[in-house]
Amino acid sequence: MGRHELREQVFLFLFRVEFHAPQDMPEQARLFVENSEENMDQKTAEYIRNRADLVMEKLPQIDQLINDNTEGWNTARMGKVELTALRLAVYEIRYDDDIPGGVAIDEAVEIAKKYGQENSGGFVNAILGKIMKLGD
């Protein structure tokens, strides 16, 4: 599985965060792997879970950064697809030195276009663009 596919799988798992209590996430991880259309080996499943855990640990900081860089929106009002794509990308931009910010944005926009509504890609791109400028 390539980097794009791995990121998409992390996104799909993180999407569950909005619908389940934190204590239910280990069970959700098991179900995610069992019900995945991808044939995941143990190493891939662990990578996805570990990556999602890193993002979830930083959710308060990530959500604050998103909220600080939107006008008329906040994380409570956003669509779940857009919010999840933003959270993953913000984590990559702010906390993962191995992923260039431009790549994180491009990938988040593609995920938002694939799973979200018609304007999701532009919405995600605009917010991430503002967040990227903070680091310059």
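Candidates in the range 1-18 are the residues that are surrounded by fewer than 18 Cβ atoms within 10 Å (Cβ to Cβ) and of a type in the set (Lys, Arg); of these, the one that is nearest to the chain's Cα centre (by Cα) is ARG16.
State which residue is surrounded by the most Cβ atoms within 10 Å (Cβ to Cβ) when the search covers only the range 55-76 and only residues that are under 18 Å from ASN125 (Cβ atoms) and of a type in the set (D, E, K, R). The extreme case among them is ASP68.
Quick grid of which residues meet (1) under 19 Å from ILE131 (Cβ atoms); (2) out of contact with any Cys (no Cβ under 6 Å at 6 or more places or on another chain); (3) charged (D, E, K, R):
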{"residue": "MET1", "(1), (2), (3)": "no, yes, no"}
{"residue": "PHE11", "(1), (2), (3)": "yes, yes, no"}
{"residue": "PRO22", "(1), (2), (3)": "no, yes, no"}
{"residue": "SER36", "(1), (2), (3)": "no, yes, no"}
{"residue": "ASP97", "(1), (2), (3)": "yes, yes, yes"}
{"residue": "ASP106", "(1), (2), (3)": "yes, yes, yes"}
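Could you check how many residues of the range 51-91 are touching a residue at least 12 places away in the same chain (Cβ under 8 Å), under 15 Å from ILE131 (Cβ atoms) and in contact with a Ser or Thr (Cβ under 7 Å, 6 or more places away or on another chain)? Adding up the residues that qualify gives 4.
Screening GLN28 with (1) open to solvent by 30 Å² or more (accessible area, probe 1.4 Å); (2) polar (S, T, N, Q); (3) in contact with a helix residue (DSSP H, G or I) (Cβ under 9 Å, 6 or more places away or on another chain) gives one miss only, at (1). For the structure I just gave you, tell me whether ILE99 is without any contact (Cβ under 8 Å) to a residue 40 or more places away in the chain and touching a Phe, Trp or Tyr at 6+ places or on another chain (Cβ under 7 Å). In short, no.
Against the list (1) more than 22 Å from GLY2 (Cβ to Cβ); (2) open to solvent by less than 30 Å² (accessible area, probe 1.4 Å); (3) within 13 Å of the chain's Cα centre (by Cα), the condition ARG87 fails is (1). Within the range 41-54, the set of residues being surrounded by 10 or more Cβ atoms within 10 Å (Cβ to Cβ) and within 23 Å of ALA104 (Cα to Cα) comprises THR44, ALA45, GLU46, TYR47, ILE48, ARG49, ASN50, ARG51, ALA52, ASP53, LEU54. Among the conditions (1) surrounded by fewer than 15 Cβ atoms within 10 Å (Cβ to Cβ); (2) under 23 Å from GLY79 (Cα atoms); (3) under 16 Å from the mean Cα position of the chain (by Cα); (4) at pLDDT below 95, the only one that ALA21 does not satisfy is (3).
The values are calculated or read from the model by the stated rules, or taken from the named source; none is laboratory data. Here the structure is a predicted model, which means the values were calculated and not measured. Because the Cβ atoms are built from the backbone with ideal geometry, glycine has one as well, and the counts that use them run over all protein chains shown. With ligands, DNA and RNA removed, areas are computed over all heavy atoms of the protein, side chains included. Shrake-Rupley method; radii C 1.70, N 1.55, O 1.52, S 1.80 Å.
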